[in-house]
1. Take a quick pass over the chain and tell me how many lysine pairs come in under 26 angstrom between Cα atoms, counting only ones 8 or more apart or on separate chains.
2. With θ set to phi - 60° and the Karplus curve 6.51 cos²θ - 1.76 cosθ + 1.60, what are the ³J(HN,Hα) couplings of the stretch 186-200 in order, to the nearest whole Hz, using x for Gly and Pro?
3. Specify the angular offset, from 0 to 90 degrees and rounded to the nearest 10, of the alpha carbon long axis of helix 305-315 from the longest principal axis of the alpha carbons in the chain.
4. Report the relative contact order of the chain, percent, no decimals, based on alpha-carbon pairs under 8 angstrom and at least 6 residues apart.
5. Would you mind working out the accessible area per residue for the chain, using a 1.4 Å probe, and quoting it in Å²?
6. Using the Karplus curve 6.51 cos²θ - 1.76 cosθ + 1.60 with θ = phi - 60°, work out ³J(HN,Hα) for each residue of the stretch 249-264 in order, rounded to whole Hz, and write x for Gly and Pro.
7. Compute, for the chain, the length of the dipole vector about the Cα centre, with Cβ point charges of +1 (Lys, Arg) and -1 (Asp, Glu) only. Units Debye, rounded to 20.
8. Mind checking the angle between helix 229-242 and the chain's longest principal axis? C-alpha axes, 0 to 90 degrees, to the nearest 10.
Amino acid sequence: MVKLSVIVPFYNVQQYAPDTLKSLRANARDDFEFILVDDCSRDETPDILARAERELPGAVHVRHEQNGGLATARNTGIDEARGEYLTFLDGDDWLAPGYYEQLLASIEGLGCDFVRTDHVQCTARARTLHRVPHGRRGVVLDPREAILPADRSTSVDYAYAWAGIYHRRLADRGLLHFTDGLRTAEDRPWIWKLHREAESFATVGLLGVFYRRGVASSLTQIGDVRQLDFIRAFDQVVSETAQDRDADKLLPKAVRTYCAIISHHLGSIERFEPPVARKLKSMSAVALRRMPQDVLDDALDSMDIQRATRLRRLRRRPAAAGVSA
C-alpha cells in the first residue's frame, strides 16, 4: 500500500525542476509515490519529467494536453493519488533530505485530519523563516477555532498547500480539491473550506520545505489578467462562509481579508499592465458592492486610515458597464 502521495505540478520550470526532483529523490521511500503533473509545459520540462519517471523511485508522470493552471494540475494529482496521506510541492521548490518521513511521522503520531508546518522562503540568496500563524504547536485542535480573530493573521491566512500533510479521508470528502481553473489565490477557498469542514488539525515546528520566490515565470511576478482571479477566489470564500452555521462570526474575517488583498493589489498597481490595472479597479469596486455591506462597513472601520480611505474611494467609483468577476 502507498503510504504517502506527493503531488507536484510543473509548468515551464526547466531551470528549477532538476533541483526539485533531486530533493524528491532524497525523500524517496518504497511506500511513497511522486505524482509529477506536467501542465502542458512548452520548454524542456516534459523531457526532464520523462527521465524522472524512469529514474526517480515511485514517480508517476502525468501530462496535460492543455494548460489548466495550478489548481487544475493539483486536482489531477489528487485524482491519481493512491496514498493514505497526501501532500503537495510546487515544481520550482525543494525539500530537505528525509523531510517527508518526519512529516508523515508527525501526522501519524497526532492522528488528526491534517498538519500544517513552517517553511523557508528563498529569494535569491536570502532565506527567511515563515511560521504558521498559530501559537499552539503539537496539539490536536478544531480547525474552526483557528480561523479567528478577524483582525489578526491566522491559520487561514497561511494558505500554502505544500506546508502540510493531509489524510486521505479529506480527499474522500471532497475537501482537498481546488476550484478548477483558478490561476491565482487558488489556495484561499481551499484553506477556508479545510478549516470550516475538517474535524481536527495541528501545527508543528517542522522545517523542510524551501519556497522559491522571485521566479520570473511565477504569477506572483506577472501583472497580467490572470492575477485578477483573486477576485473570483475571494468571492468564493465570502459566498461559502456566508452559508456557514457560524457565518455571523466568520464573515468579518473573510470580508476583512478580502479588503486587505484588494488594497494590497491597488497599492502596487504599477506592476500591472495598464488595461489590467483599469480592470482591477473596476472589478474590485464591483466586488466591494457585492460584499455584505454592514460587514464591509465594520471591516473598513477596523482598518488603518490609508487602506480604509483607498477602499472607500473605490467603493464610491461608478460601476462600469459589463464589468464582473
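The values are calculated or read from the model by the stated rules, or taken from the named source; none is laboratory data. These numbers come from a predicted model, not from an experiment. Cβ coordinates were reconstructed from backbone atoms using ideal geometry, including for glycine residues, and neighbour counts include every protein chain displayed. Remember, those area values only see protein heavy atoms, side chains included, never the ligands or the DNA or RNA. Shrake-Rupley method; radii C 1.70, N 1.55, O 1.52, S 1.80 Å.
1. 6
2. 5, 8, 6, x, 5, 5, 5, 4, 4, 6, 6, 10, 6, 9, 7
3. 80 degrees
4. Relative CO of the chain lands at 16 percent.
5. Heavy-atom SASA per residue in the chain reads 43 Å².
6. For the stretch 249-264, the Karplus curve yields 7, 8, 4, x, 5, 4, 5, 5, 5, 4, 4, 4, 5, 4, 4, 4 Hz.
7. The dipole of the chain has a size of about 1300 debye.
8. Helix 229-242 sits at roughly 80 degrees to that axis.
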